[in-house]
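Just below is one structure, and these are the notes that go with it.
The values are calculated or read from the model by the stated rules, or taken from the named source; none is laboratory data. These numbers come from a predicted model, not from an experiment. All Cβ positions, even for glycine, are placed from backbone atoms using ideal geometry, and neighbour counts span all protein chains on display. Areas reflect the complete protein model, heavy atoms only, side chains present, ligands, DNA and RNA absent. Shrake-Rupley method; radii C 1.70, N 1.55, O 1.52, S 1.80 Å.
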Amino acid sequence: MSTWLLPLEALPAPSTGAAVLVALLVGAAGALYAYVTRHFGYWRRRGVPFLRPLPVAGNLKDVLLFRKHVGDVLHEVYTQMKELPYMGLFFYDAPVFFIKDAELFKNIVTNDFEYFQDRGFSPVKADLVFSETLFARKGDRWKDLRLKLNPAFTVTKLKRFYVLLQQKASNLDHYFDDAARKGEPCDVANACARYTMDAIATVGFGIETTALTDDNDPLHRLLRNIFVYSKLYLHASLATFVDMQLLRLLRLSLVPAPLAAFLRSTIWAAARERERTGTLGARRDILDLLLELRDKGRIAADEDTADGGDSGKRIADDCNGRSAVENGTAGNDKGAGSIENDMDGDVLIAQAFSVFSAGFDTTSSTMSFALYHLAKDQDIQDRLRRELQKVLHDNDGILTYDALQSVEYLDMIFSETLRLYPNLPFLDRTCTKNYNIPGTDIVIEKGVPVFGSLYGIQRDPEFFPDPDRFDPERFSAEKKANIPKSCFVPFGGGPRKCIGFKLAYLQGKLGLAHLILNYKFWPCAATPSKMEYNLHSFLLSPRNGVPLMCSRVEK
């Protein structure tokens, strides 16, 4: 027998300590596995078909590993469901009710809103700014603030904002003239982000920036990656949509401290200057309106309130808040609604942050995606330019608010862009009281997050034939009437629809109109053949910018 091959009885027996250690490790691993899979039987027990989850990741393995965008993952689930109207998913370890059926989608968002008033999004209370945004507020606190802010976005106020926006659109020339002169590719995503940042700073708060010309502009530095997170932050932010404890455990803030400090110092300095000079209320920008709400408990309504957005009465009715309307307090009197007026301190700063973030990041992404497709399809780009030139000619060379609104093809292009690229590719709600799905025995229990894929439903061939093709004709006057309303909701639907979507739409359309009137765009070698998304954000934004060639349009 070889000297190195010992009989089994000759091997040393494991020590008692080693055996105990192994047993402890096995026991700890078993306990950890049991903990991270503790909810995985939830949908089976309730008779709901579900996608088999993995420990820790749930059904978000490719998101967790940064292989795919969460919008793409949910789109894949939507497609795999085939005829299933709903399915159970797991975001990490949290059970999520995922809907595909368009009628059920409409019920949850609109018809049965009283059961689904809240978003699951729950930032930590220590995040003093984000937790007070309209997006994050819940229940009566959300309803009260929504009613108070609604008069800030009427058509009359949008027309005032438009005057401020026009100069900012012309500032785009500083960026594109240089690229056109040099004959070099330009990143239109970067340019659009600088424009929207510059525009929303002025329209919102009277802040003048140098974002279009200076990389060191303080607001540009703070906001340019506002929704681009590290791996840890991304998963923490996604977890807040299902009210997990990761943010609370790590005490992470979704509004970085330097940005929060900048907003506080800048906004309050602007407010004090207006009060000192007696110009408070003169600009009628968003800061003026927020200060009016702080001081008077209301924003003065315009005659066109019902025309300019959701009327206070309809919002209150939809939110099951009829008493506020009957008492004449829905957004009109101090202490309107059910909550005492609290528009001060970080509550006001939170609304300023909402305006900055929504008006800057999402609008610039939509403009970038639109320019990407216009560059790839010269016929569409040329037609838009001809229609804009005709409107400009008919209005003595001035693109007024009403003139811009009359360009139907521009609306069609924006709608088609938002169909393909909804800023937030999913819709989320939380069930606030047990809800029986009509015609079934299935009950969505109170506290369960409910998700739908906007990216999926807006690319469903049942509603949009050849869904991946960019085709603005889908939204012509004749064809858009055939699109079910619940199948095109890029800004969300029902009472929780984005309150500032008309301002974002106006800002984006004006910027795009100015660019197409003055520049011709076409792809370059670096232009992606297929759009890829930034995996470090839960919003849809271009992964590596949108490099295009451009030249000045001959007049």
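Figures for the structure shown
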quantity: Filter pass, V155 being farther than 18 Å from Y401 by Cβ, at pLDDT 90 or above and among the β-branched types (V, I, T); calculated: no
quantity: Pairs, first closer than 20 Å to T154 by Cα in segment 263-292, second acidic (D, E), C-beta under 6 Å, six or more apart; calculated: G281/D288
quantity: Residue match in segment 122-138 (condition: more than 21 Å from P258 (Cβ to Cβ) and part of a helix (DSSP H, G or I)); calculated: no
quantity: Unmet criterion (only one of (1) more than 14 Å from S364 (Cβ to Cβ); (2) touching a Lys or Arg at 6+ places or on another chain (Cβ under 8 Å); (3) open to solvent by less than 60 Å² (accessible area, probe 1.4 Å); (4) modelled with pLDDT under 95) for Y519; calculated: (4)
quantity: In segment 93-115, residue most open to solvent (accessible area, probe 1.4 Å) [restricted to those that are in a strand (DSSP E or B) and not aliphatic (A, V, I, L, M)]; calculated: P95
quantity: Selection within segment 36-50 - crowded, with 16+ Cβ neighbours inside 10 Å and assigned to a loop (DSSP other than H, G, I, E, B); calculated: T37, F40, R46, V48
quantity: Failed condition for Y92, given (1) on the phi < 0 side of the Ramachandran plot; (2) out of contact with any Cys (no Cβ under 6 Å at 6 or more places or on another chain); calculated: (1)
quantity: Subset of segment 487-511 (residues that are over 16 Å from N150 (Cβ atoms) and touching a Gly at 6+ places or on another chain (Cβ under 7 Å)); calculated: Q507
quantity: Filtered residues of segment 56-78 (kept if part of a loop (DSSP other than H, G, I, E, B) and either loosely packed, with under 15 Cβ neighbours inside 10 Å or touching a strand residue (DSSP E or B) at 6+ places or on another chain (Cβ under 8 Å) (or both)); calculated: V56, N59, L60, L65, F66, R67, H69
quantity: Residue selected from segment 79-92 under the condition more than 20 Å from the chain's Cα centre (by Cα) and surrounded by 20 or more Cβ atoms within 10 Å (Cβ to Cβ), by the criterion farthest from P53 (Cα to Cα); calculated: Y86
quantity: Qualifying residue in segment 10-31 (condition: open to solvent by 50 Å² or more (accessible area, probe 1.4 Å), modelled with pLDDT under 90, touching a strand residue (DSSP E or B) at 6+ places or on another chain (Cβ under 7 Å) and not β-branched (V, I, T)); calculated: no
quantity: From A375, A403, A370, residue being touching a residue at least 12 places away in the same chain (Cβ under 8 Å) and closer than 20 Å to Y162 by Cα; calculated: A403
quantity: Test: S551 is among the hydroxyl-bearing types (S, T, Y), at pLDDT 95 or above, touching a helix residue (DSSP H, G or I) at 6+ places or on another chain (Cβ under 8 Å) and open to solvent by 20 Å² or more (accessible area, probe 1.4 Å); calculated: yes
quantity: Selected residue (only one of F488, F451, F464 is in contact with a strand residue (DSSP E or B) (Cβ under 8 Å, 6 or more places away or on another chain) and not aliphatic (A, V, I, L, M)); calculated: F451
quantity: Residue match in segment 204-211 (condition: farther than 25 Å from A152 by Cα and within 26 Å of the chain's Cα centre (by Cα)); calculated: yes
quantity: Condition met for D118 (under 17 Å from the mean Cα position of the chain (by Cα), more than 19 Å from I349 (Cβ to Cβ) and open to solvent by 20 Å² or more (accessible area, probe 1.4 Å)); calculated: yes
quantity: Extreme residue, least open to solvent (accessible area, probe 1.4 Å), among residues of segment 464-482 that are under 24 Å from L371 (Cβ atoms) and without any contact (Cβ under 8 Å) to a residue 40 or more places away in the chain; calculated: P467
quantity: Members of segment 373-385 found to be part of a helix (DSSP H, G or I) and surrounded by fewer than 24 Cβ atoms within 10 Å (Cβ to Cβ), listed by number; calculated: H373, A375, K376, Q378, D379, I380, Q381, D382, R383, L384, R385
quantity: Qualifying residue in segment 438-457 (condition: crowded, with 18+ Cβ neighbours inside 10 Å and closer than 27 Å to A513 by Cβ); calculated: yes
quantity: Residue within segment 223-230 that is modelled with pLDDT under 80, basic (K, R) and under 30 Å from H39 (Cβ atoms) present; calculated: no
quantity: Among the candidates L399, L388, residue that is within 30 Å of the chain's Cα centre (by Cα) and not in a helix (DSSP H, G or I); calculated: L399
quantity: From K502, K509, K530, residue being outside any loop (DSSP other than H, G, I, E, B), over 20 Å from I398 (Cα atoms) and either open to solvent by 20 Å² or more (accessible area, probe 1.4 Å) or charged (D, E, K, R) (or both); calculated: K502
quantity: Test result for A301, at pLDDT 90 or above and of a type in the set (A, V, I, L, M); calculated: no
